[in-house]
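The values are calculated or read from the model by the stated rules, or taken from the named source; none is laboratory data. None of the values given here were measured: they were computed from a predicted structure. We place every Cβ from the backbone using ideal geometry, glycine too, and count neighbours over all the protein chains shown. Note: accessible area is taken over every heavy atom of the protein model, side chains too, but ligands, DNA and RNA are not part of it. Shrake-Rupley method; radii C 1.70, N 1.55, O 1.52, S 1.80 Å.
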Amino acid sequence: MKKRKTRVVLVGCGGISNAWLGSESVQNRVDIIGLVDIRPEAALAQAQKYGYSNAVTGADLDSVLRETRPDVVFDCSVPESHCPVTLAALRHGCHVMGEKPMSDTMPNARRMAAAARKAGRTYAVMQNRRYYPGIRALRRFLDRGAIGNLVAVHSDFFIGAHFGGFRDVMDHVLLLDMTIHSFDQARFITGRNAERVYCHEWTPGHSWYRHGPSASAIFEMGDGLVYTYQGSWCAEGCPTTWECSWRIIGEKGTILWDGGDTFHCEVVSGREGFIRPVRQKKVPLTCPKTLAHGHSSAIGHFLDSIQADGVPETDCTDNIHSLAMVHAAIKSADTNRRVPVTI
Ligand SMILES: NC(=O)c1ccc[n+]([C@@H]2O[C@H](COP(=O)([O-])OP(=O)(O)OC[C@H]3O[C@@H](n4cnc5c(N)ncnc54)[C@H](O)[C@@H]3O)[C@@H](O)[C@H]2O)c1
């Protein structure tokens, strides 16, 4: 028997909605029955572009939800709207999957998680950078004990990105708009939540951003494991990938990962010498297809989870730990102190 498609209203019809509407998971498994944007012409334009001629479009979320009664709301609106959109969708009995970051503030994130629990519905966050072959292969390699217990994880993020628009004028631009991806990757790679952080944030003299395009943070991840992040959105030349360049150090060796498909791993092979001898180990780049396609894989995993009454990997109860790293780093930068990471 053919499975019924999941009935979805998508909110926020800007740039990133294309990654959702154009994804294989949405094309094959979802019926978009409504599109909402505070600019109704944007909702109409996406309905036309993706061929949803019967979808209800408009600017008023409540009335579109009343009219269409969807199973799920996809929230692709701006960070300040994630809380009101999610709360409204939960009030209408919908499951929600929303863009990162979960929310603009920790109190709003807590409110959203509590509302999902109370409604008995799933609210999950898009963390597409978990769904690529490289990070999945790395995680599997580490789980097999290839370099022993982790002792330190370091990530570099340097991209001279000229977005224009809201990012040029917002506060804490790198920490608020980008590091959620890297910090969430660090949690995925280490399997740990952060406990404390010290962060220094600055605006270089030549910056085309008003505030905070550069930051360095040191996170304590428990049991002596340290995760460091260095990043900048106004570093011209020699860019890293958007997934960061990583050095992962375990008791038995080190892995270098470019954030894409390239690894170099060396493990100790002898007990003598000032520098101990090492041998190279291959990191097999194998990954199930269902986990290898960014947005599409994350949406597919979410749909599988709600159909099986399961809990998706980036459920709000988990993802709030990644968001807490962002807000603790900001607090540390603002106060020039080492601060606890609390949810
Ligand atoms: N996962 C990723 O890799 C990735 C990449 C880019 C952006 N994002 C995230 O996606 C979200 C949207 O970013 P974007 O680049 O598409 O921005 P955008 O400005 O292009 O689009 C946002 C859209 O939301 C609409 N909107 C704003 N408030 C709304 C509300 N209350 N109700 C309905 N619509 C509303 C705007 O009118 C606009 O059309 C942000 O949270 C951003 O951080 C994620």
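For this structure, a couple of remarks:
- Candidate set: region 63-82, residues that are within 22 Å of I306 (Cα to Cα) and open to solvent by 30 Å² or more (accessible area, probe 1.4 Å); chosen: the one nearest to the ligand (Cβ to nearest atom): R66
- Among the conditions (1) touching a Pro at 6+ places or on another chain (Cβ under 7 Å); (2) farther than 22 Å from M102 by Cα; (3) open to solvent by 30 Å² or more (accessible area, probe 1.4 Å); (4) in contact (Cβ under 8 Å) with a residue 60 or more places away in the chain, the only one that T254 does not satisfy is (1).
- First in region 23-47 and without any contact (Cβ under 8 Å) to a residue 40 or more places away in the chain and over 15 Å from S81 (Cβ atoms), second anywhere and of a type in the set (F, W, Y) and not in a helix (DSSP H, G or I), Cβ under 6 Å, 6 or more apart: I32/Y52
- Enumerated helices (runs of 4 or more DSSP H) restricted to region 127-231, each holding at least 1 residues that are closer than 20 Å to N336 by Cα: 173-177, 179-190
- Taken as a whole, the structure places T290 among residues that are surrounded by fewer than 21 Cβ atoms within 10 Å (Cβ to Cβ) and among the β-branched types (V, I, T).
- If you go through region 171-200 and pick out every residue that is within 11 Å of the ligand (Cβ to nearest atom) and out of contact with any Cys (no Cβ under 9 Å at 6 or more places or on another chain), you end up with 5.
- Close pairs from region 94-118: first within 20 Å of N128 (Cβ to Cβ) and part of a helix (DSSP H, G or I), partner within 16 Å of the ligand (Cβ to nearest atom) and open to solvent by 30 Å² or more (accessible area, probe 1.4 Å), Cβ under 9 Å, at least 6 apart: A109/H327; M112/L87
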